[in-house]
Amino acid sequence: CSTIDNCSDKAFKGADMGNVCDRRNRTEPGPGYEALRREAAAAKLRAHEGRIRVLSDCGDTKHGIAMAGAAPQWGAPSQLPFADKPTDSVGNPATATTKFAVRCKKGRKGPGPNQDDFFVVHSDSVRIFGVLDGHGSEGHLVSQFVNEELPGLLVRRPEFQRGNIEESIVQALLEVHEDLEGVTHMPYGKRLLDASLSGTTCAVLVLKDSRLYVGSVGDSRVVLGRSRGSKIVAEELVRDHKPDLADEYERILSSGGDVRVIPGDIASRIYVRGLHYPGLAMSRSLGDLEAHKVGCSAEAETCAVPVTPDMKFVVLASDGVWDFLTSQEVVALVSRYPRSEVETAAEALCREAYRRW
């Protein structure tokens, strides 16, 4: 999993207690700071305990591994470019039988948090990997919410228990989107975040019973590296959900939305017909409630692929990678490294995307 945050940040407000502190750069406590810090510590503990429960649901608390981006430190300075996002872990990733590496770094952008996130669940029976790319003023809070909620929702779905993994991915993403809507509509003083104009992509990969199951909303991508003779060839397992795709375009228009490119921009974006918002540059996402009123969708597209000997590796990444390297370039770069150097490969991939920024 390689992510480099590639979204423009806006100023964002305190969501748990109103504007009690500036979460970007404040170093001195403001009114209510101590209460906010206690709530942040409690939230971090709940998230950690939630990862333990996911492993329990997978039947593997002894050897299992669960990882995700750690919650932002309230009131801490903005994350520096190319800095690694703090990680919360249960278990020891070095003991994983499936070799994997995670890098979550901030790209070359202004002050603010890294809005990308990720999660990993590695048990004896299943491996689950996810990449998230938040956007909007509270995109970092939306991606954090999803990283904490989605793995548990997924493994507890009845479809997952019956072995219908693709449907479980679809339903779990719809469920977490509904939860984001519910949280947003809570009274202001109690709500954790506002997903009206903020959201996240989500690309999920499940390895179970010698099959890869993939589901995605947005433009984070899952790419398989396959051996073809002496070459490693990229195979994109999901498509980027862009508003100008024919089927996505028709859904948006039939829902009262509009798709256009405004002067000075290069991306097609979703707008309310006749108005100049929300301007979302993808056709599927979690959150983004205003865009969902006019045709944006939280329904994942999925695929299932049997594991075969010609499969060498899989890369999940946000557009902080894909905007600067093609899928084939990514596969070529990663293939230079042996399985034992997967950490080096992930670091090299992020570094090359950062260099091209």
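The values are calculated or read from the model by the stated rules, or taken from the named source; none is laboratory data. Values in this document were obtained by computation on a predicted structure and should not be read as measured data. A quick note on method: Cβ atoms are made from the backbone with ideal geometry, for glycine too, and the neighbour counts reach across all protein chains shown. Areas reflect the complete protein model, heavy atoms only, side chains present, ligands, DNA and RNA absent. Shrake-Rupley method; radii C 1.70, N 1.55, O 1.52, S 1.80 Å.
Summary of computed values
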item	result
Separation of the S340 and Y188 label points, Cα + 7 Å toward Cβ, nm	6.0 nm
Heavy-atom accessible surface of region 281-327: percent carbon and sulfur, 1.4 Å	53 percent
Max mean-square fluctuation residue, GNM over the chain, Cα-Cα springs under 10 Å, options A304, A66, A42	A42
Listed residue pairs exceeding 25 Å between alpha carbons, taken from K106/K242; K44/K105; K44/K106; K242/K293; K208/K242	K208/K242
Listed candidates (1) 1.27; (2) 0.95; (3) 1.46 - label of the one calculated as Cα Rg over 2.2 N^0.38 Å	(2)
Å² per residue, accessible surface of region 269-357 at 1.4 Å	44 Å²
The chain, dipole about Cα centre (Lys/Arg Cβ +1, Asp/Glu Cβ -1), debye to the nearest 20	820 debye
Extension gain (nm, one decimal) between R355 and S227, 0.36 nm per residue minus Cα-Cα	43.3 nm
Distant-in-sequence amide H partners of R211 (H built 1.01 Å from N, under 5 Å)	V307
Lys/Arg +1, Asp/Glu -1 at C-beta; region 298-357 dipole; positive extreme among C350, S335, A300	S335
Full-extension gain in nm, K44 to D209, via 0.36 nm per residue minus C-alpha separation	56.1 nm
Whole-number accessible area per residue in Å² for region 172-225, which is evaluated in the context of all protein chains at 1.4 Å	33 Å²
For region 176-190, Karplus couplings with θ = phi - 60° (6.51, -1.76, 1.60), whole Hz, Gly/Pro x	5, 5, 4, 5, 4, 5, x, 5, 5, 8, 5, x, 3, x, 10
Alpha carbon centroid spacing (whole Å) that separates region 156-183 from region 287-357	22 Å
Charge dipole (the chain, unit charges on Cβ, about Cα centre) - positive-most of V315, T184, Q161	V315
For region 277-286, 3J(HN,Hα) per residue [Karplus equation, 6.51 cos²θ - 1.76 cosθ + 1.60, θ = phi - 60°, Hz, x = Gly/Pro]	8, x, x, 7, 8, 9, 9, 9, 5, 10
Sulfur and carbon atoms: percent of accessible area, region 184-248 [1.4 Å]	53 percent
Under 22 Å from K109, Cα to Cα: lysines that are on another chain or at least 8 residues apart	K10, K13, K85
Relative contact order (percent, whole number), the chain, Cα cutoff 8 Å, 6+ residue spacing	19 percent
Cβ charges +1 (Lys, Arg) and -1 (Asp, Glu), total dipole of region 59-167, debye	380 debye
Size of electric dipole in region 299-353: Cβ of Lys, Arg +1 and of Asp, Glu -1, about Cα centre, debye, nearest 20	300 debye
